Amino acid sequence: GERQFVLHLAGTYEGMLASLGPRTRRSLAGKRQQLEKSMKVEFVPVLEPDESLKAMLELHGKSTPERVPEFYQARYRLLRGKSEFFSMGLRLADGPWLSMLTGWRRNQVTYVDLQMNDMHYKKESLSAVMRAFMLEHEIGLKQEMINFVAGSSLLLRRYCEPLEPLSDLFISKPGLRSKFFEMVATRVQSGSVYERLKPGAEDKTAGETES
């Protein structure tokens with residue numbers, strides 16, 4: 001199964017960047033600065049559920065791997081029904097979404113299980129830019145760790161601490177994965193994965209994918 005990766009956060013964004021190697025720092029901070037200079041972009045740290053669904057549906061088909069529409073509806077219900085869930089996005093000033101990221105926060109840990117990036121902007125490194133914004137925002141919230149629920153991008157992996165491998169169940173089949181989110185949302189399954197995903201919990205499961 002895929003592994004989760006935990007990134008320990010510094011007390012400040014500058015301190016976080018300083019703790020990373022020069023190449024990673026360039027990818028995060030440098031690409032972000034380039035994008036902010038070359039295009040009018042807006043980072044939206046808190047997307048309302050309706051806005052989040054709109055962003056996911058807009059990026060559906062522009063990011064890989066594609067997911068079944070039920071996945072987005074399941075996440076929408078979680079965003080509406082549970083205060084722990086969040087989503088954030090990056091868009092062009094005139095409207096179109098470039099990237100969005102979603103997950104939940106618990107006990108000073110931010111769990112990220114989905115990031116979608118418009119693949120038409122490969123050279124802009126949207127994945128890295130979005131993560132730079134996300135790191136700065138989560139550090140501002142005094143979060144202590146980011147848990148990349150189903151693996152981290154190579155960019156940050158060397159700075160992460162790996163956890164136990166995940167179950168393959170929800171990663172390999174998007175339909176099953178959306179059913180899983182349904183179960184979480186309705187608490188049908190008392191020991192659901194989301195409920196068990198706490199720092200130090202024995203069972204580790206879920207599904208981030210990054211495009």
Taking the conditions exactly as written (open to solvent by 70 Å² or more (accessible area, probe 1.4 Å) and farther than 15 Å from Ser125 by Cα), does His60 satisfy them or not?
no
Any chance Met88 is outside any helix (DSSP H, G or I), among the hydrophobic types (A, V, I, L, M, F, W, C) and either under 16 Å from Glu136 (Cβ atoms) or modelled with pLDDT of 95 or more (or both)
yes
Looking at region 137-153, I want the residues that are under 15 Å from Tyr13 (Cβ atoms) and have a partner that is among the small types (Gly, Ala, Ser) and part of a loop (DSSP other than H, G, I, E, B) with Cβ atoms under 7 Å, at least 6 apart or on another chain. Which pairs are those?
Ile139/Ala10
Is there a residue in region 122-130 that is at pLDDT 95 or above and not in a helix (DSSP H, G or I)?
no
Among (1) open to solvent by 50 Å² or more (accessible area, probe 1.4 Å); (2) β-branched (Val, Ile, Thr); (3) over 18 Å from the mean Cα position of the chain (by Cα), the one test that Val46 misses:
(3)
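Among the residues of region 70-123, which ones are of a type in the set (Ser, Thr, Tyr) and within 30 Å of Gly11 (Cα to Cα)?
Of everything in region 70-123, those that are of a type in the set (Ser, Thr, Tyr) and within 30 Å of Gly11 (Cα to Cα) turn out to be Ser83, Ser87, Ser99, Thr102, Thr110, Tyr111.
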Residues being in contact (Cβ under 8 Å) with a residue 40 or more places away in the chain, of a type in the set (Gly, Ala, Ser) and not in a strand (DSSP E or B) - total across region 53-73
1
Since Arg105 meets every condition but one in (1) open to solvent by 30 Å² or more (accessible area, probe 1.4 Å); (2) not in a strand (DSSP E or B), which condition does it not meet?
(2)
Taking region 1-18 and keeping only residues that are among the small types (Gly, Ala, Ser) and under 21 Å from the mean Cα position of the chain (by Cα), one is left with Gly1, Ala10, Gly11
Scan Glu66, Glu51 and give me the residue that is under 18 Å from the mean Cα position of the chain (by Cα) and surrounded by 15 or more Cβ atoms within 10 Å (Cβ to Cβ).
Glu51
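Residue-by-condition table, conditions (1) in contact with an Asp or Glu (Cβ under 7 Å, 6 or more places away or on another chain); (2) buried (at least 18 other Cβ atoms within 10 Å of the Cβ); (3) within 21 Å of Leu35 (Cβ to Cβ):
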site: Leu101; (1), (2), (3): no, yes, yes
site: Gln115; (1), (2), (3): yes, yes, yes
site: Lys122; (1), (2), (3): no, no, yes
site: Ser125; (1), (2), (3): no, yes, yes
site: Gly140; (1), (2), (3): no, no, yes
site: Asn147; (1), (2), (3): no, yes, no
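The values are calculated or read from the model by the stated rules, or taken from the named source; none is laboratory data. Predicted model, so just to flag it, every value in this text is computed and none were measured. In this analysis, Cβ positions are derived from the backbone assuming ideal geometry, glycine residues included, and neighbour counts consider all displayed protein chains. Just the protein is used for accessible areas: all its heavy atoms, side chains included, with ligands, DNA and RNA removed. Shrake-Rupley method; radii C 1.70, N 1.55, O 1.52, S 1.80 Å.
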